[in-house]
Amino acid sequence: MPLVRAGDPRVVSTEEMFPVVEESGLVIGQMRRSYAHSGAMLLHPVVHLHIINRFGEIYLQRRSKDKDLLPLYWDTAVGGHISYGEQPLEALCREAVEELGLYDFNPVFLDSYVYQSRTERELVYVWAAVGNFEIHPDNFEVSGGRYWSEKEIADALGKDRLTPNFESEYKRFAPSLRSLL
């Protein structure tokens, strides 16, 4: 069979494909990225990584101005979709490299949960990593980042600076994050 390249008329779409999953994580189908954010509300998996330094501060990324959802909001250090055929830990490592240039970390799995917004429904796999990491945010993926104290996060909650998903996730996992120190 000849190699088919992007742009070839035989290629229906080069758009990224996401798995459609049950709440257990069982893959039951696939969909295009654009469909996942169209309000279709099909459950699809994502990964999040909380990075905590030895002072108990949590690294947050500032979302790129080019993001289709919540541009310039502060969010979990690493967050991204799992591609069709990819495992959650594999996606986490890929996203950590893409967004923050982070290669050398030891993620601890915390839990998974279903998050629903007005436009999508996600099965979120949550990890944390503790250490003093050298972080190099990618200027396309994110518009920067920094470590935040618990007080700074508490002061920003509900003030339209943090993503709604981060706010709910932080409230849910703050005790687990503290226990890792």
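The values are calculated or read from the model by the stated rules, or taken from the named source; none is laboratory data. None of the values given here were measured: they were computed from a predicted structure. We place every Cβ from the backbone using ideal geometry, glycine too, and count neighbours over all the protein chains shown. Protein only, heavy atoms only, side chains kept; ligands, DNA and RNA dropped before computing areas. Shrake-Rupley method; radii C 1.70, N 1.55, O 1.52, S 1.80 Å.
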Practice task
Inspect all residues belonging to the range 72-94 and state whether any of them is open to solvent by 20 Å² or more (accessible area, probe 1.4 Å), touching a Ser or Thr at 6+ places or on another chain (Cβ under 6 Å) and acidic (D, E).
Solution key: yes
Practice task
Could you name every one of the strands (runs of 3 or more DSSP E) located completely within the range 65-181 that has at least 1 residues being modelled with pLDDT under 95, of a type in the set (V, I, T) and farther than 18 Å from P45 by Cβ?
Solution key: 142-148
Problem - Number of positions in the range 145-171 that are under 24 Å from H37 (Cα atoms) and either in contact (Cβ under 8 Å) with a residue 12 or more places away in the chain or loosely packed, with under 14 Cβ neighbours inside 10 Å (or both) - result: 11
Problem - Check on Y59, of a type in the set (S, T, Y), more than 16 Å from D138 (Cβ to Cβ) and within 18 Å of the chain's Cα centre (by Cα) - result: no
